[in-house]
Number of protein chains: 2
Amino acid sequence: MKRRAAIALSFAAASFGLSPGLIAAAPALAPAEIVAAAPASAWRPVAPENLLLMEMGDGRRVAIELAPAFAPVHVANVVALTRGKWFDGNAVVRVQDNYVTQWGGADPKRARPAGLVKPPEEYARPASGLALRRLPFADPYAPMTGHADGWPVGSDGTLAWLTHCYGMVGVGRDMPPDAGDSTELYVVIGQSPRQLDRNIALVGRVVGGMDVLSSLPRGTGDIGFYTDPKQNVPIRRAWIAADMPAAERPRYEVMRTDSPTFAAFAEARANRRDAFYIRPAGGVDVCNVPVPTRKAG
Amino acid sequence: MKRRAAIALSFAAASFGLSPGLIAAAPALAPAEIVAAAPASAWRPVAPENLLLMEMGDGRRVAIELAPAFAPVHVANVVALTRGKWFDGNAVVRVQDNYVTQWGGADPKRARPAGLVKPPEEYARPASGLALRRLPFADPYAPMTGHADGWPVGSDGTLAWLTHCYGMVGVGRDMPPDAGDSTELYVVIGQSPRQLDRNIALVGRVVGGMDVLSSLPRGTGDIGFYTDPKQNVPIRRAWIAADMPAAERPRYEVMRTDSPTFAAFAEARANRRDAFYIRPAGGVDVCNVPVPTRKAG
């Protein structure tokens, strides 16, 4: 067993661009320890114009980084809806265990704010222009997976798409080819539903307050909808950080996935050698390498 | 795209032992529809001696099927602890978002009931004697994966082990080689932490009331521990169904993973062709083929 683990390690070290010597010399840090020791250069800020903030009825807050590089029209709609106060006084209406929490549909017939555009599919984008750090392991859903600019990504070499990992935020839609107008958003709260990749638009990922959305009571209606509007979980308001005075904006950071720290983190996720572990797996899937995020300042 | 999907489909149909003709002729049922239409023969009962029931302080109940075929000594300890009332008046003490809910450690110094055995590792068992229905897709953690007798399984052909999927229940332990005495149990509440496979003993899986354990407030202490005993979530009592009068026992069923229904279910999970989906993935991972369970009668 030890021999096999060592072989897997050398392979992983080479695949991750780390020298085997470096690995052998390094203490067996846990992924969390690698994150804690990350230099400032390993982090990038979340741009204020991409930071969606949401305050629930009980005052707790959720922070979401939007991904205009992957779904620009959908993201523009989310921003227009937020600025048009669509989410203010709205609610979480669905929580399906091991699947999604969904909000924005408390009153679907309410008039939409101006500025919405009927979006194209935006379920994938050209792979060119994205610096994909590949994971060197097979994935049952995509020809290749990895990370680019802090996002989990699948790709076939020509196209690239965000993957449905825990905490990823998408736009609910009806049947194809209607792509949804961004009035209803969902976040993944369970096992990654990768079957949704390339079938629905992902627009971002929770970077703060994930527990606010993951620990809500599960709905007892069909596919987790609450059966009584009284069960809805109120959203007091939502806003874009760029619309706040600069000094008041909360600041979030995402680990740069092209940093040496992230390479070490991903390698450690695939090969746990910290004290608790007996047998490093020698592999990992893209959703089990969650990109570290933090609140700064 | 359509052409590629068709190719993936034929491959999957062959891999799952279904004739392509059958697939082509079949309506595009969603996995949930396949489960709803399953004949009685597609289900097996959960044996009362393997059914652990737990009632929380608020009266809500959780049902867990134990897996003595994989971890007999650990399971015997769980049963001895339950019969010795270890879990009665105990509590959930840790909820780490996207990881685990853990219970049984409200008073770790309390005297153990009689009958506990120091367990061996029990992190894997011989593959022989298990009828593994393989999934025909690559997995980054194990040479092969699939299902046996209603359980998600990884294997290298010689050994086989339960995989850490959503809802699986394991035994907390300290550092190796101490294997844990089953006084603290955990359940997976997020992305499958497959790095734990073969590093810790899995003893079962939640078959009812999963939302009771998944929607609890997350702990704010290190690795999700509650910081104040007042935050602990009380467990009123736990018992084994076999110890109840037969007529009063709740009855749970698990889909037979060697049934044609399960084959169709797994194939549909890998290739969603129901109305919502545009692009079937053409693959799936073992934790994204959750074995259907239900309460009977």
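The values are calculated or read from the model by the stated rules, or taken from the named source; none is laboratory data. Fair warning: this is a prediction, and the values are worked out from it, not measured in the lab. Here Cβ is always computed from backbone atoms with ideal geometry, including for glycine, and neighbour counts include all displayed protein chains.
Just one of the listed residues (B:Gly104, B:Gly167) is in contact (Cβ under 8 Å) with a residue 40 or more places away in the chain and within 11 Å of chain A (Cβ to nearest Cβ), namely B:Gly167.
For residues that are among the β-branched types (Val, Ile, Thr) and under 17 Å from B:Gly208 (Cα atoms), scanning just region B:58-75, find the one that is surrounded by the fewest Cβ atoms within 10 Å (Cβ to Cβ). Result: B:Val62.
With respect to the stated conditions, B:Ala111 fails to be modelled with pLDDT of 95 or more and in the same structural domain as B:Pro234 (by TED's automatic domain parsing).
Kindly indicate whether any position in region B:117-139 is touching a residue at least 60 places away in the same chain (Cβ under 8 Å) and under 28 Å from A:Pro217 (Cα atoms). No, the conditions are met nowhere in region B:117-139.
Apart from one condition, A:Glu122 fits all of (1) buried (at least 17 other Cβ atoms within 10 Å of the Cβ); (2) touching a strand residue (DSSP E or B) at 6+ places or on another chain (Cβ under 8 Å); (3) within 14 Å of chain B (Cβ to nearest Cβ); the exception is (2). For B:Ala242, the conditions (1) surrounded by 14 or more Cβ atoms within 10 Å (Cβ to Cβ); (2) among the small types (Gly, Ala, Ser); (3) touching a residue at least 12 places away in the same chain (Cβ under 8 Å) are fulfilled apart from (1). Within region A:197-212, being under 11 Å from A:Cys165 (Cβ atoms) and either more than 13 Å from the chain's Cα centre (by Cα) or not hydrophobic (A, V, I, L, M, F, W, C) (or both) holds for A:Asp197, A:Arg205. Filter region A:187-208 down to the residues that are among the hydrophobic types (A, V, I, L, M, F, W, C) and either under 23 Å from B:Ala270 (Cβ atoms) or within 12 Å of chain B (Cβ to nearest Cβ) (or both) and list them by number. Hits for region A:187-208 are A:Val187, A:Val188, A:Ile189, A:Leu196, A:Ile200, A:Ala201, A:Leu202, A:Val206. Filtered by the rule that a residue be farther than 12 Å from A:Pro113 by Cβ and surrounded by fewer than 24 Cβ atoms within 10 Å (Cβ to Cβ), region A:76-90 gives A:Ala76, A:Gly89. Residues in region A:215-239 that are surrounded by 18 or more Cβ atoms within 10 Å (Cβ to Cβ) and assigned to a strand (DSSP E or B): A:Val233, A:Ile235, A:Ala238.
Filtering region A:83-126 to residues that are of a type in the set (Ser, Thr, Tyr) and in contact with a Leu (Cβ under 7 Å, 6 or more places away or on another chain) leaves only A:Thr101. Determine whether region B:240-263 contains at least one residue that is touching a Leu at 6+ places or on another chain (Cβ under 7 Å), outside the structural domain of B:Leu135 (by TED's automatic domain parsing) and either more than 23 Å from B:Val46 (Cα to Cα) or part of a helix (DSSP H, G or I) (or both). The answer is yes; a qualifying residue exists. Out of everything in region A:244-263 that is out of contact with any strand residue (DSSP E or B) (no Cβ under 7 Å at 6 or more places or on another chain) and closer than 18 Å to A:Val153 by Cβ, what residue ends up being nearest to the other protein chains (Cβ to nearest Cβ)? Out of the qualifying residues, it is A:Ala263. Across region A:130-164, the number of residues qualifying as away from every other protein chain (no Cβ under 14 Å), within 27 Å of A:Ala281 (Cα to Cα), part of a loop (DSSP other than H, G, I, E, B) and not charged (D, E, K, R) comes to 3. Restricting attention to region B:264-297, the residues being outside any helix (DSSP H, G or I) and either more than 8 Å from every other protein chain (Cβ to nearest Cβ) or more than 18 Å from the chain's Cα centre (by Cα) (or both) number 21. Being without any contact (Cβ under 8 Å) to a residue 60 or more places away in the chain and under 28 Å from B:Cys165 (Cβ atoms) is a property that A:Tyr277 has.
Yes or no, residue by residue, for (1) under 18 Å from B:Pro72 (Cα atoms); (2) surrounded by 20 or more Cβ atoms within 10 Å (Cβ to Cβ):
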position	(1), (2)
B:Pro136	no, no
B:Thr145	no, yes
B:Pro152	yes, yes
B:Asp156	no, no
B:Thr163	yes, yes
B:Gly170	yes, yes
B:Tyr186	yes, yes
B:Gly190	no, yes
B:Gln195	no, yes
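Residue count for region A:268-297, restricted to those that are of a type in the set (Asp, Glu) and in contact with a Ser or Thr (Cβ under 8 Å, 6 or more places away or on another chain): 1.
If you scan region B:170-186, which residues turn out to be in contact with a strand residue (DSSP E or B) (Cβ under 7 Å, 6 or more places away or on another chain) and within 14 Å of another protein chain (Cβ to nearest Cβ)? Correct list: B:Gly170, B:Val171, B:Gly172, B:Gly180, B:Tyr186. Which of the numbered conditions does A:Asp211 fail, given that it passes all the others? Conditions: (1) surrounded by 20 or more Cβ atoms within 10 Å (Cβ to Cβ); (2) under 24 Å from A:Val100 (Cα atoms); (3) within 13 Å of chain B (Cβ to nearest Cβ); (4) touching a residue at least 24 places away in the same chain (Cβ under 8 Å). Among (1) surrounded by 20 or more Cβ atoms within 10 Å (Cβ to Cβ); (2) under 24 Å from A:Val100 (Cα atoms); (3) within 13 Å of chain B (Cβ to nearest Cβ); (4) touching a residue at least 24 places away in the same chain (Cβ under 8 Å), A:Asp211 violates only (4). Filtering region A:165-206 to residues that are closer than 28 Å to B:Met168 by Cβ and part of a strand (DSSP E or B) leaves A:Met168, A:Val169, A:Gly170, A:Tyr186, A:Val187, A:Val188, A:Leu202, A:Arg205, A:Val206.
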